[in-house]
Amino acid sequence: ITLTMDLYYKGLSLMDITDTLKQFYGMNLHHETIRRWIVKFTDKMNKYVNTKTPELGKVWNTDEQMVKVKGDYVWSWNTIDNETKFWIANTMSKGRSINEARKQFKAVKQTAKEQKPELLITDGLHSYKKAISKEFTTAKNRFGNPKPNSVEHYHKAGFRKKVNNNVVERLHGEFREFDKVRRGFKSKDTAKLWLDGMKVYHNFIKEQNGKTPSQRANINLNLKENKWLTLLQQSLKERSNNSKSDGDTK
């Protein structure tokens with residue numbers, strides 16, 4: 001199961017995974033069986049890791065990208081910590097209004113808990129300025145500098161500028177590699193599920209210079225060499241413990 005998850009989030013199609021298992025392990029599995037595994041266990045892992053709070057840096061980047069759903073396009077909003085490369089939150093929307101931008105920053109605050117950045121970097125989309133001012137304190141003193149405990153918003157990020165959004169653009173590139181094999185998604189919920197799975201893969205499985213973003217953010221789950229397997233075991237154990245606690249309460 002964990003091998004199929006690893007291959008899937010590294011970009012292989014369900015049919016490619018089916019072929020790999022048959023060639024190397026002599027297993028004849030239907031691609032729909034593999035899909036059900038990935039859906040089921042992605043959900044369990046995502047719920048588990050969402051209970052963990054990362055220790056984030058002081059610069060966060062946010063950007064949005066288009067994702068194809070049922071032949072049309074929706075917007076995927078993503079925020080990543082510049083220092084640890086931890087993917088903080090993702091939301092999806094039909095448009096890019098102020099309220100839709102606010103939904104993203106509400107999700108960010110839910111993950112970050114009491115933490116907030118000193119600098120939040122976005123592109124020039126007009127919705128960001130008002131959304132950030134409503135979700136964070138952005139007050140400045142008479143000299144135009146941010147007041148203590150407030151968030152500075154830089155909204156002119158460019159690819160070649162000194163202050164840029166390249167870290168989140170690389171994240172979008174990761175998803176594009178995954179997305180192009182699928183050629184779009186059947187529904188918004190399906191797209192969100194796979195984005196959540198990609199977030200688990202990016203934060204807890206994929207190493208960058210010897211460490212995962214979750215390790216850099218001081219979420220130390222002591223995952224073994226097969227990180228997927230250890231993470232799945234911990235997720236199932238957590239669920240079992242919670243079920244026992246609920247039973248004791250009742």
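Bear in mind these aren't lab numbers, they're just calculated from the coordinates by the rules spelled out. Every value quoted in this text rests on a predicted model; they were computed, and no experiment measured them. FYI the Cβ positions are ideal-geometry reconstructions off the backbone, even for glycines, and counts take in every protein chain you see.
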Legend entry - Flagged links, alpha-carbon separation over 30 Å, of LYS40/LYS70; LYS40/LYS94; LYS44/LYS156: LYS44/LYS156
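Would you kindly state how much longer the chain becomes between ASN220 and ALA107 on full extension, computed as 0.36 nm times their sequence separation minus their alpha carbon distance, in nm to one decimal?
Additional length available on full extension: 38.4 nm.
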Inset, instruction - Report the full-extension gain for the segment LYS147 to THR230: residue separation times 0.36 nm, less the Cα-Cα distance, to one decimal in nm. - result: 25.5 nm
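Once a ≥ b ≥ c are taken as the square roots of the eigenvalues of the Cα gyration tensor of region 27-84, is the result rounded (a/c under 1.5), prolate (a/b larger than b/c) or oblate (a/b not larger than b/c)?
Oblate, since a/c reaches 1.5 and b/c is not below a/b.
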Legend entry - Label-point separation, LYS22 to SER133 (7 Å along Cα→Cβ), nm: 6.0 nm
Legend entry - Peptides 69-75, 56-62 ordered by average Cβ neighbours within 10 Å, highest first: 56-62, 69-75
Legend entry - Under-5 Å amide H pairs with VAL151, H placed in peptide plane, nonlocal only: THR137, THR138, ALA139
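Tell me what the chain gives for mean residue ellipticity at 222 nm when only DSSP H runs of n ≥ 4 count, each as -39,500 (n - 2.57), the sum divided by the residue total, rounded to 500 deg cm²/dmol.
Theoretical 222 nm ellipticity from helices: -15500 deg cm²/dmol.
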Inset, instruction - Taking H placed 1.01 Å from N in the peptide plane, check which residues at least 5 places from ILE88 or on another chain put their amide H under 5 Å from its amide H. - result: THR79, ILE80, ASP81
Legend entry - Label-zone membership for region 41-69, site THR190, 7 angstrom Cα→C-beta point, backbone N under 11 Å: 69
Inset, instruction - Show the residues, 5+ positions off or on another chain, whose built amide H is closer than 5 Å to the amide H of ILE219. - result: GLU55
Inset, instruction - Specify whether the C-alpha gyration tensor of the chain places it in the rounded, prolate or oblate class, a ≥ b ≥ c being the square roots of the eigenvalues: rounded for a/c under 1.5, otherwise prolate if a/b is larger than b/c and oblate if not. - result: prolate
Inset, instruction - Mind ranking 86-98, 43-55 by how tightly packed they are, going by the mean number of other C-beta atoms within 10 angstrom, highest first? - result: 86-98, 43-55
Inset, instruction - Tell me the label-point distance for the pair GLU118, ARG36, using the 7 Å Cα-to-Cβ offset, in nm and rounded to one decimal. - result: 5.3 nm
Legend entry - Vicinal HN-Hα couplings computed from phi for region 235-240 (Karplus, 6.51 cos²θ - 1.76 cosθ + 1.60; Hz; Gly/Pro x): 5, 5, 5, 4, 5, 5
Inset, instruction - Would you work out if region 1-135 is rounded, prolate or oblate? Take a ≥ b ≥ c from the square roots of the eigenvalues of the alpha-carbon gyration tensor; rounded if a/c is under 1.5, else prolate when a/b is larger than b/c, oblate otherwise. - result: prolate
Legend entry - Ordering of 171-180, 138-147, 197-206 by packing [mean C-beta count within 10 Å, highest first]: 197-206, 171-180, 138-147
Inset, instruction - Using the structure shown, list the pairs from LYS147/LYS188; LYS85/LYS140; LYS113/LYS199; LYS85/LYS180 with a Cα-Cα distance above 30 Å, or answer none. - result: LYS147/LYS188
